[in-house]
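This report refers to the structure that appears directly beneath it.
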Amino acid sequence: MRVLFISDVYFPRVNGVSTSIRTFREDLSNEGVETQLVVPRYDDAPHGAPAVAVSDAPQVLRVSAARVPRDPEDRRLRWGALKRALDTLPGAAFDLVHIHTPFVAHYAGTRFARRAGIPCVATYHTFFEEYLHHYLPVLPRRLGRALARSFTRSQCAQVQALIAPSEPMRAVLLDYGVTTPIHVLPTGLAADRFRAGDGQAFRARAGLGAARPLVTYIGRVAHEKNIGFLVRMFAQVLAAVPEAVLVIAGEGPAREPLRAQAAALGLARQVHFAGYLERDTGLLDCYAAADAFVFASRTETQGLVLLEAMAQGAPVVSTAELGTRSILLPECGALVVPEERAAFAAAVVRVLTEPGLRAQLAARGRAYARTWSSALMARRLQSLYAQLLRAPQAARAHA
């Protein structure tokens, strides 16, 4: 079986979509599924982006892309270049198209599938309506939501099957009125995510000291991730644990506003911005160094970083919104709290000051993370592909 993957984002842009694509492709190869990936070219990747991420295999086709205004990380695929690139790929060489983003890649992917007469599936990685008001603040929020929902329904009608990374995300799509069959299939954890990181090595490189309590966020540093709440919450943590440090690892458009926020709160010395970390070494070290891993995003369709933190034994304190509700189940190794500063800070202080609780959460988290095998998820995806290929040709027609 040969599948064309197409996405508006991939490494060196570090986020959940990039991670999901790479994880599934690696495990699908063990299931007899060959994938060809078409993604943007990042000629001027952000300083510090991990070099390993752009070491492409021959099955990765990079296409010319333009910078996105006000967003130094992302790129916009150029339609003409993408069309020409796809036209060089013979439709007869592929059995199916799998789209991973709802922008230029979506329309190019559905066009390719129609011309080749093959099925098309899309993964709904992004809770699009919650992003619009951050990037188009002049657009009234109610109008933005209506446009996002209409846009989503239209795109979902153009494919034969949808993949939602979590059951709550499936419920959102059903509430929109989407009628295309939706399959819940999260991204699993690859075996290498369980390789032990070196927390002391991260501390030494960052100059944070061997014993200072670290409260850590890892992920895209973007407004929709609600990191500003974590900074405000951390001010209350310091009242009880004054030697603590808040580590924010990652890059994104909210980095400088967050730096300014920390300074305004008098926390400039207590908030450490770690920037990009190389995924196979520095990132694991950062997870392993955390005494508490904190998360409060409202927009996650899954929340893979929570599982990655658990795999490294980092005790998790998090809200449970949208997709993270599917991960943050009882006995998972996390303290689930409301988005309320005092309650969140109190939970973080408990983790930092109670060694027994910290050890218990770490052990439970490691065991729970192992139940999210990426190999199992890939087998389920291969089964879905096979199901679509067995469907009558008439059922594959695009809207």
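Details
- Residues in region 332-356 that are among the acidic types (Asp, Glu) and more than 21 Å from GLU300 (Cα to Cα): GLU354 alone.
- Test: ALA345 is assigned by TED's automatic domain parsing to the domain that holds MET310, exposed (fewer than 15 other Cβ atoms within 10 Å of the Cβ), over 29 Å from HIS100 (Cβ atoms) and at pLDDT 95 or above: no
- Region 284-349 holds strands (runs of 3 or more DSSP E) entirely within its bounds, and those carrying 1 or more residues that are within 18 Å of the chain's Cα centre (by Cα) and of a type in the set (Gly, Ala, Ser) map to 316-318.
- Count of residues meeting criterion [in contact with a helix residue (DSSP H, G or I) (Cβ under 6 Å, 6 or more places away or on another chain), surrounded by 20 or more Cβ atoms within 10 Å (Cβ to Cβ) and not small (Gly, Ala, Ser)] in region 163-181: 2
- Of all the listed residues (GLY109, GLY91), the sole one being surrounded by 15 or more Cβ atoms within 10 Å (Cβ to Cβ) and either touching a Phe, Trp or Tyr at 6+ places or on another chain (Cβ under 8 Å) or of a type in the set (Lys, Arg) (or both) is GLY91.
Residue-wise test of (1) modelled with pLDDT of 95 or more; (2) not hydrophobic (A, V, I, L, M, F, W, C).
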{"site": "GLY252", "(1), (2)": "no, yes"}
{"site": "ARG259", "(1), (2)": "yes, yes"}
{"site": "GLY266", "(1), (2)": "yes, yes"}
{"site": "ALA274", "(1), (2)": "yes, no"}
{"site": "ARG279", "(1), (2)": "no, yes"}
{"site": "LEU284", "(1), (2)": "yes, no"}
{"site": "THR299", "(1), (2)": "no, yes"}
{"site": "LEU304", "(1), (2)": "no, no"}
{"site": "ALA314", "(1), (2)": "yes, no"}
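- If you go through region 350-381 and pick out every residue that is assigned to a helix (DSSP H, G or I), under 30 Å from VAL97 (Cβ atoms) and of a type outside the set (Lys, Arg), you end up with 6.
- Region 190-233 - residue that is without any contact (Cβ under 8 Å) to a residue 60 or more places away in the chain and part of a loop (DSSP other than H, G, I, E, B) and, of those, surrounded by the most Cβ atoms within 10 Å (Cβ to Cβ): VAL221
- Tally of residues being closer than 19 Å to ALA362 by Cα, surrounded by 24 or more Cβ atoms within 10 Å (Cβ to Cβ) and not aliphatic (A, V, I, L, M) across region 314-332: 3
- Residues that are over 18 Å from PHE11 (Cβ atoms), assigned to a helix (DSSP H, G or I) and not polar (S, T, N, Q), drawn from region 242-283: ARG255, GLU256, PRO257, LEU258, ARG259, ALA260, ALA262, ALA263, ALA264
- Selection from region 385-399 of residues that are modelled with pLDDT of 95 or more and surrounded by fewer than 17 Cβ atoms within 10 Å (Cβ to Cβ): ALA386, GLN387, LEU389
The values are calculated or read from the model by the stated rules, or taken from the named source; none is laboratory data. Being a predicted model, the structure only gives us computed values, none of them experimental. Positions of Cβ are backbone-derived with ideal geometry, glycine not excepted, and every protein chain shown enters the neighbour counts.
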